[in-house]
Structure formats: structure tokens, C-alpha cells
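Notes to accompany the following structure.
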Amino acid sequence: MLSENEIYFSAALGMFDGLHAGHLSVLKKSFEIARESGLRSAVFTFSVKNDAGVVFPEHNFILSDRQKEHKLRSMGFDKLMMPRFSEIKDTTAEDFLKDYLINQENIRAIICGEDFRFGKNAACDADGLKRLAADCGIEVFIVPLLKDSAGVKISSTRIREDIKNGNFIKANTALGFCYAISGIVIDGSHLGRTLGFPTANIEIPKEQILPRLGVYKTTVTVSGRNYLAITNVGQKPTIPGERKPLAESFLIDFDGDLYGTEITVTFEEFIRPEMKFDNLEDLKKQMIKDSKIYG
């Protein structure tokens, strides 16, 4: 049986925020190289949280660390390496390659996308990595950028902009799955219950993109069961006072107490922008209208 020091890896390298089709082409290539070279398969990516658990920059990522780790592990890689970005962001390209990839992780083949950059201040690109790795006897495989049917590069940047604009039909198509957030249901003002629309409120995870403020057609997952829902992402402008944005979901055909329960809100379609109403009765009328999206 080989010791840990004798096991070598082919590693896909990247931030992989979104795990969209372009990222999947890099990950697939990594599996192929591992199989052809007799290496174990691995992914080297990054956690976006720092030592204090604070995200930087806030609301800038498609996937939370937890979502990304779950998706990557489910793909069947032999090893997942996910250090905190804060720990290595000031490391030079040369030191990152030698100290992290080769010496610490036994990586003997590297696969990355054509637009990959790394090292302090993202100073080194994919071609630079290939030159540095060649000096160490490591082969680098650069995967061409993947484009959609219109010839436009599939990128996390485009998907982020679509999410920020509330265009989830477009964002979800590019991702290949639906954007979602998860959180523990917190106690709120109980205004929704007063109006006949009790909501399950969760905070928007700090690392994930804040969608356009407004009302969405969603699915809410509770203990493995899915419920059709209407979700408002906003700050309750009808109610006086400043507050941070919440995702408030009214679950169709659900009756129960969700406080303290973890739920997942999956975004499907933008319905309307967040609105300020003159009174609560007008707000209630609009909520009734919103819920009719399901018939």
C-alpha cells in the first residue's frame, strides 16, 4: 500500500466559482489526465473566507464555500484541496507552485482554464504557469475557453451580472443548475403572518451575490422536501427603519413553524422589483397578486 507521500495527483486548478460548463470542461480534463497518467484526481481551489470567517469582498460569489465543496466532492475526485484564499493571496507564483502544489500536495500534472491567473496580484497567467512548471518537470494542460451558441465566453463574471440584475433564467441556463442560497430561518416582525402570508426569513449569505431587490418565483427546500414559493429579496421599504436585505419566502401549501430550521431557496424567475406601498392593505393586495403566479 502506498504511503501518503508516494501518492501523486493530477489537479484541476481554479477558483471555480459557479462550476458552470466552462469549469466543468477543466474538471473533466483533469479526470482524463489522471486516468491516462496513472495519477489520482484532485481539485485545488480556494475558500473565500478569512481567518475570522469574514468574506471579502462581500456579496461577490455565486457559490458559498459549502455549496462549492459539496458539488466538487459529489463529482468523485480523490482529493479536494480548499485553503483559505487569505492565506496564500500574497504568495508569489513561483512559491505557490513549488511550496503548495508540488511539495505539499504531490501534484504532478496541472489542468487550468485559458484565462486562469494566480500568484500575488494575479501576476501570472496560464502560459506563465506552464513555463514555471516545465522547469520543475510538471506538465500543464490549458483548456480553451468554452463559448455558448452565440460565440460568447461562458464566464462567472457574466453570470454574476445576470444574478445582480435578477435575470435568473439566463443565469441558471449558463450555470446548468439554479442559483440558491441556504440559511437558518430567523424570527422576524411577523408582518407576513399578520397579512395572511407567513414568511420564512433568512439572511443572504455574506459571500454570495445579492440578487436584485425584488420578488421572485422560487422553490424552498425544507428537510428534503420542495415547496413552491414566492420570495422577496429586500429591505421592507413599506416599514420604517433601515435594515439589511433578507430573503423572505412564502411557501405555498405549507403550514408549520420553521424558526431555527435550515432551508434552501432556489431562484427561478424574477416577478417584479421591490416596491414601497402607501399602506399595509395595498401591500397585502400585491402579495395576493404575486401568489397567483402559481394559479
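A quick yes/no check of all residues on (1) over 15 Å from the mean Cα position of the chain (by Cα); (2) charged (D, E, K, R); (3) under 28 Å from residue 148 (Cα atoms):
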{"position": "37", "(1), (2), (3)": "yes, no, no"}
{"position": "50", "(1), (2), (3)": "yes, no, no"}
{"position": "65", "(1), (2), (3)": "no, yes, yes"}
{"position": "99", "(1), (2), (3)": "yes, yes, no"}
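Exactly one condition in (1) within 22 Å of the chain's Cα centre (by Cα); (2) assigned to a loop (DSSP other than H, G, I, E, B); (3) modelled with pLDDT under 95 is not met by residue 174; state its number.
(2)
Name, by its number, the condition in (1) in a loop (DSSP other than H, G, I, E, B); (2) at positive phi; (3) of a type outside the set (Lys, Arg) that does not hold for residue 145.
(2)
Name the residue, out of 188, 151, 192, that is part of a helix (DSSP H, G or I) and at pLDDT below 90.
Selected residue: 192, the only one of 188, 151, 192 that is part of a helix (DSSP H, G or I) and at pLDDT below 90.
In the range 1-26, how many are at pLDDT 85 or above, surrounded by fewer than 20 Cβ atoms within 10 Å (Cβ to Cβ) and not hydroxyl-bearing (Ser, Thr, Tyr)?
Residues that pass the stated criteria total 4.
If you scan the range 139-157, which residues turn out to be surrounded by 17 or more Cβ atoms within 10 Å (Cβ to Cβ) and free of Cβ contacts under 8 Å to residues at least 40 places away in the same chain?
Correct list: 140, 142.
Exactly one of these conditions fails for residue 87: (1) free of Cβ contacts under 8 Å to residues at least 60 places away in the same chain; (2) closer than 24 Å to residue 207 by Cβ; (3) charged (D, E, K, R); (4) surrounded by 15 or more Cβ atoms within 10 Å (Cβ to Cβ). Give me its number.
(4)
The values are calculated or read from the model by the stated rules, or taken from the named source; none is laboratory data. All values reported here derive from a predicted model rather than from experimental measurement. Glycine gets a Cβ as well: all are built from the backbone with ideal geometry, and neighbour counts include every protein chain shown.
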